[in-house]
Amino acid sequence: AQSVTQLGSHVSVSEGALVLLRCNYSSSVPPYLFWYVQYPNQGLQLLLKYTTGATLVKGINGFEAEFKKSETSFHLTKPSAHMSDAAEYFCAVRRMDSSYKLIFGSGTRLLVRP
Amino acid sequence: DAGVIQSPRHEVTEMGQEVTLRCKPISGHDYLFWYRQTMMRGLELLIYFNNNVPIDDSGMPEDRFSAKMPNASFSTLKIQPSEPRDSAVYFCASSFRAFTEAFFGQGTRLTVV
C-alpha cells in the first residue's frame, strides 16, 4: 500500500530561521509528490510538485523540496521563515499505478515566532 | 477559470436530515476528488471519479454517504441521514489527467447538531 508520513504535527521556528518539514513516502512505483499549504479557513494551495526530471524543485514563496529516491523522502525547506509562512503544510503522493489516487499526509502545522 | 467551486460554504443541519454538498470542477479536468478534513483524522479521501465514473469509493465511511457525478461539470456528495460525527470540512478537488496536481475548492464546513 502506498502511504505518506509527515514527521512532526507541529514545528516551531523563529522568524528568519530555516524551515524544514519532513515527508517520507512508501511506494513500489516512483510516485508524483506534492506539497500543499493551507491557511485558516481556506482550501489547499499547491506549493510545489515533483513529477519527473530535476530532483530539486522550487515552489512559491521561496519554498523548495528535494526528491531523494534512496531515502524515499521529499522534505520541504525554506532558508528564512517569515511570519506569513505560519500555516498547515501537507505532503501528498499521487500513485502512478492504475489508480492515480491522490493521498495526503497528516499535515504539519508551522508556527513562526517573532 | 474561476477554479473549483463548492456550495454551500457553510451548512448547519439537524441530525437525521439529508445534506447535499455540491462541486463544480475546473472545466476540462477529468479527475474529481472528495475529501473530508477533521482534527482527529486529518484529510481523508472519500471517493474519486475519472471521466464521471467512480473509481474508488473505499474511503466512504458508511452507506449513509453517496456521491454522484452526472456530468463533467457537476458532482454531489450526499449524507442521509446526517449525524453529529459527520461534522467536518468537505473539500472537492479536480485535476487534469493523472499526472498533475489537484486544485481544491474552498470547502464546505458542515455542522450537524
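The values are calculated or read from the model by the stated rules, or taken from the named source; none is laboratory data. Here the structure is a predicted model, which is why all the values come from computation and not from measurement. FYI the Cβ positions are ideal-geometry reconstructions off the backbone, even for glycines, and counts take in every protein chain you see.
Out of the residues in the stretch A:68-93 meeting the condition of being of a type in the set (G, A, S) and over 13 Å from the mean Cα position of the chain (by Cα), tell me which one is surrounded by the most Cβ atoms within 10 Å (Cβ to Cβ).
Filtering the stretch A:68-93 down to residues of a type in the set (G, A, S) leaves A:70, A:73, A:80-81, A:84, A:86-87, A:92.
The next check asks that each one be over 13 Å from the mean Cα position of the chain (by Cα); those that pass are A:70, A:80-81, A:84, A:86.
Values: A:S70: 5, A:S80: 12, A:A81: 22, A:S84: 10, A:A86: 17.
Going through the qualifying residues, I end up with A:A81.
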Neighbours by Cβ (under 6 Å, 6+ apart or cross-chain): first from the stretch A:35-52, without any contact (Cβ under 8 Å) to a residue 60 or more places away in the chain; second of a type in the set (S, T, N, Q): A:V37/A:Q45; A:G43/B:Q106; A:L44/A:Q38
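Quick check: anything in the stretch A:6-13 within 11 Å of another protein chain (Cβ to nearest Cβ), part of a loop (DSSP other than H, G, I, E, B) and at pLDDT below 95? Give the derivation first.
Start the filter on the stretch A:6-13 by keeping residues that are within 11 Å of another protein chain (Cβ to nearest Cβ), which leaves A:6, A:9.
Going one step further and asking which of them are part of a loop (DSSP other than H, G, I, E, B), we end up with A:9.
If we keep only those that are at pLDDT below 95 too, we end up with A:9.
The answer is yes; a qualifying residue exists.
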Top-ranked residue in the stretch A:14-43 [being over 11 Å from the mean Cα position of the chain (by Cα) and modelled with pLDDT of 95 or more; ranked as nearest to the other protein chains (Cβ to nearest Cβ)]: A:Q38
Tabulated pairs, the stretch A:89-106, first more than 8 Å from chain B (Cβ to nearest Cβ) and in a strand (DSSP E or B), second crowded, with 18+ Cβ neighbours inside 10 Å and polar (S, T, N, Q), C-beta under 6 angstrom, 6+ apart or interchain: A:Y89/A:T108; A:C91/A:Q6
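Here is a yes/no grid of residues against (1) in contact with a Ser or Thr (Cβ under 6 Å, 6 or more places away or on another chain); (2) without any contact (Cβ under 8 Å) to a residue 12 or more places away in the chain:
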| position | (1), (2) |
| --- | --- |
| B:L32 | yes, no |
| B:R36 | no, no |
| B:R41 | no, yes |
| B:I55 | no, yes |
| B:D63 | no, yes |
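Matching residues to (1) out of contact with any His (no Cβ under 7 Å at 6 or more places or on another chain); (2) under 21 Å from B:F104 (Cα atoms); (3) crowded, with 16+ Cβ neighbours inside 10 Å:
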position: A:G16; (1), (2), (3): yes, no, no
position: A:L21; (1), (2), (3): no, no, yes
position: A:N24; (1), (2), (3): yes, no, yes
position: A:P31; (1), (2), (3): yes, yes, yes
position: A:F34; (1), (2), (3): yes, yes, yes
position: A:Y50; (1), (2), (3): yes, yes, yes
position: A:E66; (1), (2), (3): no, no, no
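Within the stretch B:2-34, can you find the residues that are among the acidic types (D, E), more than 11 Å from every other protein chain (Cβ to nearest Cβ) and part of a loop (DSSP other than H, G, I, E, B)?
Taking the stretch B:2-34 and keeping what is among the acidic types (D, E), we get B:11, B:14, B:18, B:30.
After this cut, where a residue has to be more than 11 Å from every other protein chain (Cβ to nearest Cβ) as well, the list is B:11, B:14, B:18.
Once the filter is applied, which keeps residues that are among the acidic types (D, E), more than 11 Å from every other protein chain (Cβ to nearest Cβ) and part of a loop (DSSP other than H, G, I, E, B), the stretch B:2-34 yields B:E14, B:E18.
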Filter result for the condition that a residue is outside any strand (DSSP E or B), on the phi > 0 side of the Ramachandran plot and among the charged types (D, E, K, R), over B:R97, B:R85: B:R97
